[in-house]
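S.K.: What follows is a single structure, and I will ask about it in a moment.
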Amino acid sequence: MSYLTDEYLDKVVDIPVNLPVTNLKSNDWLVLTTIAVAAGQTLDFNFLQLTLVSSSASLDGCNSVEGELINPSYERVFVGIYENYVSTNSPYGLSIIGTDADLIQTSEFTTVQRDVTVAKLTLSPTEPTTYSFVIANNLTNSDLRVSVNGMARLTI
Amino acid sequence: MRISTSSFPRIHSLPVALPQMELYQTDSIVVAQYKLLAGQVLKIRFLSMQLLGISAGTPTKVTDSMGSVYLGVFAGGQHELRKPTGTPIFSINLSTPSAKVLNPNIKREFSGPDVITFVAVNNMTTLTAEIMVSGNVLLYS
């Protein structure tokens, strides 16, 4: 067993991925955080919670109305991680990195979180890369109130 | 130096976080503010800013030496200034949509008593900017 030292602790940075309760318009998205990772650095992602608080229109259980979702592959609201994301691009059609466990999404009024029993996502780019956590309202017809709490761990 | 189980609870990992936000011309927002008591030390380890977009038009700056938007780190309770004047201890400056991070390998430490304030500033007189700030500090008590 190794010991924790202040030298090691100085190299491990827990970066917040945080959004207080916010009204997210239909067909809109927000960048929660962008983390620039240099070659040789490592970014680990293991913990994030997404809460869908309320909506402007009634959401009928988890049965989505046809045509309601912008991208039918995702739930009504989702948080995804994007590589070298450009904010002018809509996130709905872009590739999200990681596995299914790293896509946090819900269609119900509840709090969902990444399954911490699934192996953490580890990103070790060979060239400088930015990783953006983006939350998107996947609905065409309803505003959503959402909040996010999470973190990513950067090892310098 | 090893960190003991008694000293570890006195080390706090604290956020400096602002999700994507629209900042009007000449306006500023305090992203985080930490008051240090005597004996406390604050280490800034990771600090980044992203300029996501600027409204159309020609930018005119309030403070020419700074970027169109910047994240400034101020000491001594500078937060009382309604509109920061572009004299932070250090800053991240951006003028085009992009992301920038402070070099995390350079140590930046503050000792108490002091008040350390992180302020995001739109340094333009006419244009609106969309920004995002992300960072982390360690507070040793």
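S.K.: Just checking, which of B:GLU130, B:GLU109 is at pLDDT 90 or above and over 26 Å from A:VAL12 (Cα atoms)?
M.R.: On the way: B:GLU109 fails: over 26 Å from A:VAL12 (Cα atoms).
When all the criteria are applied, what remains is B:GLU130.
S.K.: Looking only at segment A:86-101, which residues are part of a helix (DSSP H, G or I) and closer than 17 Å to B:ALA99 by Cβ?
M.R.: Of segment A:86-101, the ones part of a helix (DSSP H, G or I) are A:91-93, A:100-101.
A:PRO91 - this is the single residue of segment A:86-101 that is part of a helix (DSSP H, G or I) and closer than 17 Å to B:ALA99 by Cβ.
S.K.: Next up: Tell me, please, whether a residue that is closer than 22 Å to A:GLY150 by Cα and in contact (Cβ under 8 Å) with a residue 40 or more places away in the chain can be found in segment B:103-112.
M.R.: First pass over segment B:103-112, keeping only residues closer than 22 Å to A:GLY150 by Cα: B:104.
Narrowing further to those that are in contact (Cβ under 8 Å) with a residue 40 or more places away in the chain: B:104.
Within segment B:103-112, one or more residues are closer than 22 Å to A:GLY150 by Cα and in contact (Cβ under 8 Å) with a residue 40 or more places away in the chain.
S.K.: Is it the case, given these coordinates, that A:SER2 is within 29 Å of A:GLU127 (Cβ to Cβ), within 14 Å of chain B (Cβ to nearest Cβ), surrounded by fewer than 18 Cβ atoms within 10 Å (Cβ to Cβ) and at pLDDT below 95? Please lay out each step first, then the result.
M.R.: Details: within 29 Å of A:GLU127 (Cβ to Cβ): no; within 14 Å of chain B (Cβ to nearest Cβ): yes; surrounded by fewer than 18 Cβ atoms within 10 Å (Cβ to Cβ): yes; at pLDDT below 95: yes.
No.
S.K.: Here's another thing I want to ask about it. Output the residues belonging to segment A:5-62 that are over 20 Å from A:ALA101 (Cβ atoms), more than 13 Å from chain B (Cβ to nearest Cβ), in a strand (DSSP E or B) and hydrophobic (A, V, I, L, M, F, W, C).
M.R.: Scanning segment A:5-62 gives a single hit, A:VAL53.
The values are calculated or read from the model by the stated rules, or taken from the named source; none is laboratory data. None of these values were measured; they are calculated from a predicted model. Note: ideal-geometry Cβ built from the backbone for every residue, glycine included; neighbour counts use all protein chains shown.
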